[in-house]
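Each remark here refers to the structure printed beneath this line.
The values are calculated or read from the model by the stated rules, or taken from the named source; none is laboratory data. Nothing here was measured: the structure is a model prediction, and the numbers come from that model. Please note: Cβ atoms are built from the backbone with ideal geometry, for glycine as well, and neighbour counts cover all protein chains shown. Each accessible area value is taken on the protein alone, full model and side chains, heavy atoms only, with ligands, DNA and RNA left out. Shrake-Rupley method; radii C 1.70, N 1.55, O 1.52, S 1.80 Å.
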Amino acid sequence: MKILISTDIEGVAGVFHAEQVRAGNGEYERARAWMTAEANAAVQGAIAGGAEAVLVNDSHGGFRNLLPDGLDERARLVLGKPRYLGMMGGLEEGCDAVFMIGYHSRSQGRGILAHTINSFAFARVFINGMELGEAGLYGALAGEMGVPVILASGDDVFIAETSDLFPGAQWVQTKVAHGQGSGVTLSPAASRRAIAAAAETAVRNLKEAAGRAGAGSAVPFRIPAPIECRLQTQSSALADLFCMWPTLERVDGVTLRFTTDSMQAAIRTLNSLAAMSFMLR
């Protein structure tokens, strides 16, 4: 059994401020070490639960935050960008399930450091009428490939808005959000213990379900094609820029839409738009 661990940073215990998630300062260096430690806890729990192989995907920012020399040597690390599958890079190797560690709530929500893909550019993202954050978008990409999400960790707002998408998954609440940059957190050590225990349980449950010929197994989150994406941008200038792309249709001053035949194509389009937005920074 092979597990992909997609690891972000905003949902990691102890992380509350933008300085902690941006390279170039001491706060970030400490936060990336906590991020690496939570990824390791997930690796350790997955292997204790019976996983034979583990991939860890660095899923924050430039995708080069995790410390390779600090990673459990039994795992392999997916680093760098661009990559077609983004936060799900590694699924192309054939994985049985996904963990989402250190994830956060969607843009315009009340969670800690809430955003969706690009906080400068994207205000809200809807897929076939359903508003989704990064967990929903990438969970649907995994589901399109037949892979379920069986564990996720982050703050209480993230869990509340996401739990219905992944029934049967294990959840670890690392923090309680009091606002965009405030709240109450577990200690890093307590968070790691909770993640390791939940990871072990998640893999054991998946293996036991497989042994029962699929009865009660985790269900991938699938959104049927065609995929209509409706994107609300943070400004009309961004909508002007994005609609230079001929297949995008302007809806109003800050909103556009496009249609694709798959979630992978929709996410690749969104990530390309996020890269385009740097022209206006």
Subset of segment 52-71, residues in a loop (DSSP other than H, G, I, E, B) and in contact with a Gly (Cβ under 9 Å, 6 or more places away or on another chain), comes to Ser59, His60, Gly62, Phe63, Arg64
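Filter segment 24-42 down to residues that are over 18 Å from the mean Cα position of the chain (by Cα) and assigned to a helix (DSSP H, G or I), then give me how many there are.
Filtering segment 24-42 for residues over 18 Å from the mean Cα position of the chain (by Cα) gives 24-30, 33.
With the extra rule that they be assigned to a helix (DSSP H, G or I), the set shrinks to 26-30, 33.
So the answer is 6.
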Among all residue pairs at least 6 apart or on different chains, which show Cβ distances below 6 Å where the first residue, located in segment 182-207, is within 17 Å of Phe166 (Cα to Cα) and of a type in the set (Val, Ile, Thr) and the second is modelled with pLDDT of 95 or more and open to solvent by 60 Å² or more (accessible area, probe 1.4 Å)? none
Scanning segment 48-63 for residues that are in contact with a Lys or Arg (Cβ under 8 Å, 6 or more places away or on another chain) and of a type outside the set (A, V, I, L, M, F, W, C), which turns out most open to solvent (accessible area, probe 1.4 Å)? Glu52
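So in segment 179-195, with the set limited to residues that are in a helix (DSSP H, G or I) and not hydrophobic (A, V, I, L, M, F, W, C), which one is farthest from Val54 (Cα to Cα)? Give the steps one after another, and end with the answer.
To start, the set of residues in segment 179-195 that are in a helix (DSSP H, G or I) comprises 188-195.
Narrowing the set further to residues that are not hydrophobic (A, V, I, L, M, F, W, C) leaves 188, 191-193.
On the way: Pro188: 22, Ser191: 20, Arg192: 17, Arg193: 18 Å.
For segment 179-195, the residue satisfying everything is Pro188.
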How many of the residues making up segment 18-47 are buried (at least 24 other Cβ atoms within 10 Å of the Cβ) and of a type in the set (Gly, Ala, Ser)? 6
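Can you tell which of Ala209, Ala198, Ala274 is crowded, with 19+ Cβ neighbours inside 10 Å and either out of contact with any helix residue (DSSP H, G or I) (no Cβ under 7 Å at 6 or more places or on another chain) or within 30 Å of Ala51 (Cβ to Cβ) (or both)? Full working, then the answer.
Working: Ala209 fails: crowded, with 19+ Cβ neighbours inside 10 Å; Ala274 fails: crowded, with 19+ Cβ neighbours inside 10 Å.
Of the residues listed, the single one that is crowded, with 19+ Cβ neighbours inside 10 Å and either out of contact with any helix residue (DSSP H, G or I) (no Cβ under 7 Å at 6 or more places or on another chain) or within 30 Å of Ala51 (Cβ to Cβ) (or both) is Ala198.
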Which of the residues spanning segment 1-17 are farther than 17 Å from Gly154 by Cβ and open to solvent by 10 Å² or more (accessible area, probe 1.4 Å)? Met1, Lys2
